[in-house]
1. Modelling each spin label as a point 7 Å along the Cα-to-Cβ direction, I'd like the residue 260/residue 359 distance in nm, to one decimal.
2. Between residue 253 and residue 191, what is the label-to-label distance in nm when each label sits 7 Å out along the Cα-to-Cβ direction?
3. For Cα pairs less than 8 Å apart in space and 6+ apart in sequence, what is the mean separation divided by the residue count of the chain, i.e. the relative contact order in percent?
4. I need 365, 102, 285 ordered by Cβ neighbour count within 10 Å, fewest first.
5. Fewest to most neighbouring Cβ within 10 Å: what's the order for 26, 93, 286?
6. Along Cα→Cβ, 7 Å out, is where each label goes; now give me the distance between the ones at residue 379 and residue 403 in nm to one decimal.
7. Relative to the present Cα-Cα distance, how much length would full extension add between residue 30 and residue 163 at 0.36 nm per residue of separation?
8. Exposure proxy check: 245, 17 ranked by fewest other beta carbons within 10 Å?
Ligand code: PSV
Ligand code: MN
């Protein structure tokens, strides 16, 4: 199903008077809001092809109905999101869950929806039907060179798919590690992984980036071979200029100071990509901003500060993606909520008075530093984000419109109630 422009206009007309009032009140004290609005309009968050179905846990999966059954339908779903919020203009594919059969047709369909192809994701954490060798004991770290080669070849294959689609980056997330002490020689595992990554890196086109994603634990529960930002940075540094660390918010041990991690990675020019989600306990895959919105704001505060310090373009110079797919919400509504939370945190970070904050820091004025940050965090910037949407031709309230038009009902009519999207 498609959303008609007129449906968006009609929806916006219903809400416009109330919106205008709230927006005018908010910007009374914000002299620079025009520049901020443009940044919000430009900011795009990629949607992963595996987040469009209801996620499962190892205990079960409860499909919500109308889930996309193939890549074309996944693109259509992201097209719907983008039509509703104009901030989801990119798709990130996971191979082999979404192998494109006809590149030209897939490219044409994506561009019809205003979508570009963000980072490609390889998968050596699952065995695929017919696969010669198993990843049970790891892929790039494996003691058997033949397994490592299979993992390297798969990644090179993923790059080839990406080149055909116009993607410019590859994200490598490895589940490699060990579950019991003594299982693994850590040095050998690191060395094998590095050598494997070097082979993939050698196949990377000149204008591509390689993102090395880390994760503290799961599915391995004793050690992970790319377990934290230090290890990821070590690989990325040894690989070369086109290799970067990718930060997934759910991949840290509890209470990790992620804002400090991103500040230092940016300082080193080694932060490449970002996976948004939220969590209470681990890699919970909850909606971004649903549990720790203050942390999200603090992370964005460092992102904006660090990118500005390097003269980076906020919208283009890092890969922004949502990586979440939990098991109880409508996945499309959930993604709309995540994008909204990201834009709110970004808008708040843009509002931080950096001159005053620097003064407070130099003066060791701890109280004032906290006041500056929390003043912004406690400001309701939703009218600013809504205004950016209005200017971009999107809906003032995407979730409300999604429900008004009974889009899930329409998708179920189109695709059936028992469809299950590929993914985890
Ligand atoms: C792993 O937990 C991860 O964050 C990686 O980015 C994967 O590619 C993605 O989730 C989907 O499994
Ligand atoms: Mn991730």
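1. Simple spin-label model gives 2.8 nm for this pair.
2. So the label points at residue 253 and residue 191 sit 2.6 nm apart.
3. Numbers: 763 pairs, mean separation 99.4, N = 424.
Computed over the chain, the figure is 23 percent.
4. Listing 365, 102, 285 from fewest to most nearby Cβ atoms yields 102, 365, 285.
5. In order of increasing Cβ crowding within 10 Å: 26, 286, 93.
6. About 2.9 nm, to one decimal.
7. Taking residue 30 through residue 163 to full extension adds about 43.6 nm, to one decimal.
8. In increasing order of surrounding Cβ atoms, one gets 17, 245.
Computed from the coordinates by the stated procedures, all read-outs in this text should not be read as laboratory data. Fair warning: this is a prediction, and the values are worked out from it, not measured in the lab. Every residue, glycine as well, gets a Cβ built from its backbone with ideal geometry; the counts of neighbours run over all protein chains shown.
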